[in-house]
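> Here it is: the structure, laid out below.
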Amino acid sequence: MPQLPSGRRIGLSADSVFERVLAADPETLNEIRSTVHDPRDLLPLIDLVEFIPTVGAKEPGVPSATGLVAADMGSERCNWPAADQDALRDWLNSAAAEEWLEDRFDELEAALEDQED
């Protein structure tokens with residue numbers, strides 16, 4: 001989880017995409033199958049979560065939805081400072097982020113296969 005220049009602590013979440021797969025709506029499943037072919041294709045589906053330091057909460061803080069997805073960095077949807085966006089884009093290209101995306105991609109492929117049964 002990166003800490004951005006502004007101090008924001010950001011995490012990635014694939015929960016919403018897995019919830020959509022588990023709902024098993026055929027149209028949604030077909031859309032995901034047709035658009036996600038490798039781990040980087042997940043970026044428009046990966047939610048960004050900000051961890052807010054809160055008294056009494058465990059580190060890194062209380063998770064809060066940002067309303068953004070990883071692919072929003074550098075787009076008009078994201079009004080974060082350029083330094084934060086650049087730092088997050090750099091982190092998304094790191095080995096740790098790549099490994100995380102690969103793991104989620106493998107999990108997604110398995111979940112999609114389960115929906116075919």
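The values are calculated or read from the model by the stated rules, or taken from the named source; none is laboratory data. Quick caveat: nothing in here was measured; it's all calculated off a predicted structure. Neighbour counts run over all protein chains shown; Cβ positions are idealised from the backbone, glycine included. For accessibility, only protein heavy atoms count, side chains too; no ligands or nucleic acids. Shrake-Rupley method; radii C 1.70, N 1.55, O 1.52, S 1.80 Å.
> For segment 74-90, does any single residue satisfy the condition of being open to solvent by 40 Å² or more (accessible area, probe 1.4 Å) and within 13 Å of the chain's Cα centre (by Cα)?
yes
> Only residues in segment 72-99 that are closer than 19 Å to L45 by Cβ count as the first member; pair them with residues that are surrounded by 11 or more Cβ atoms within 10 Å (Cβ to Cβ) and of a type in the set (K, R), Cβ under 6 angstrom, at least 6 apart or cross-chain, and list the lot.
M73/R89
> Next up: Taking segment 42-56, which residues are within 11 Å of the chain's Cα centre (by Cα) and open to solvent by 40 Å² or more (accessible area, probe 1.4 Å)? Reasoning before the result, please.
In the first step, residues of segment 42-56 are kept if they are within 11 Å of the chain's Cα centre (by Cα); the result is 42-49.
P44, D47, listed by residue number.
> Does A111 satisfy the condition of being surrounded by 14 or more Cβ atoms within 10 Å (Cβ to Cβ) and over 16 Å from the mean Cα position of the chain (by Cα)?
yes
> Scan segment 51-64 and tell me whether some residue there is in a helix (DSSP H, G or I) and touching a residue at least 24 places away in the same chain (Cβ under 8 Å).
no
> Could you tell me which of the residues W91, W80 is of a type outside the set (K, R) and assigned to a loop (DSSP other than H, G, I, E, B)? Give the steps one after another, and end with the answer.
Values: W91 fails: assigned to a loop (DSSP other than H, G, I, E, B).
Criteria check complete, one pass: W80.
> Return yes or no: is E31 out of contact with any strand residue (DSSP E or B) (no Cβ under 6 Å at 6 or more places or on another chain), surrounded by 11 or more Cβ atoms within 10 Å (Cβ to Cβ) and either hydrophobic (A, V, I, L, M, F, W, C) or modelled with pLDDT under 95 (or both)? Walk me through how you get there before you give the answer.
On the way: out of contact with any strand residue (DSSP E or B) (no Cβ under 6 Å at 6 or more places or on another chain): yes; surrounded by 11 or more Cβ atoms within 10 Å (Cβ to Cβ): yes; either hydrophobic (A, V, I, L, M, F, W, C) or modelled with pLDDT under 95 (or both): yes.
Yes, satisfied.
> Would you confirm, using the coordinates I've provided, whether E59 is more than 19 Å from L4 (Cβ to Cβ), surrounded by fewer than 18 Cβ atoms within 10 Å (Cβ to Cβ) and either among the acidic types (D, E) or modelled with pLDDT of 95 or more (or both)? First the steps, then the outcome.
Working: more than 19 Å from L4 (Cβ to Cβ): no; surrounded by fewer than 18 Cβ atoms within 10 Å (Cβ to Cβ): yes; either among the acidic types (D, E) or modelled with pLDDT of 95 or more (or both): yes.
No.
> Any idea which residue in segment 1-28 is most open to solvent (accessible area, probe 1.4 Å), counting only those that are in a loop (DSSP other than H, G, I, E, B) and among the small types (G, A, S)?
The residue in question is S6.
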